[in-house]
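Below: the structure, in structure tokens.
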């Protein structure tokens, strides 16, 4: 769980530095690539990123010509001493997995966080921790 607490602490530290961003820094960009080879082999790939003060989102997908592929969505929101974020992944055959994390700074300076993971078999696991930096 040391990794979780480190990630949550870093997320809150970064949240403070991102919170001073201006609206002029909000931006979106995307890119799509198609690679086609001999005998019908190939794939299509896309990526879209949106960043704003206090949030970010990334959507990616790859699809092969023979129907296999995966799409992923990641997002995060932060500000006022809190962070929430997560990711979901879906294959072309419908298998899903992902995670979500939330963390908040408490009045005493400690950080409380919860991470929930969903596995491809549908089972879930949740871990909650409080980190006292003092």
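Coordinate-derived values only; no laboratory data. In this text, all values refer to a predicted model and were calculated from it rather than measured experimentally. Quick reminder, even Gly has a Cβ in these numbers, built from the backbone with ideal geometry, and neighbours come from all protein chains shown.
Structure values in brief
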read-out	value
Residue 87-residue 38 FRET efficiency (beta carbon distance; Förster radius 30 Å; 0.05 resolution)	0.30
Calculated FRET efficiency for the pair residue 73/residue 45, C-beta based, R₀ 25 Å, to 0.05	0.95
Inter-label distance, nm, simple model (7 Å from Cα along the C-beta direction), residue 60/residue 128	3.2
Separation in nanometres of the label points that stand 7 Å from Cα toward Cβ, at residue 116 and residue 96	1.2
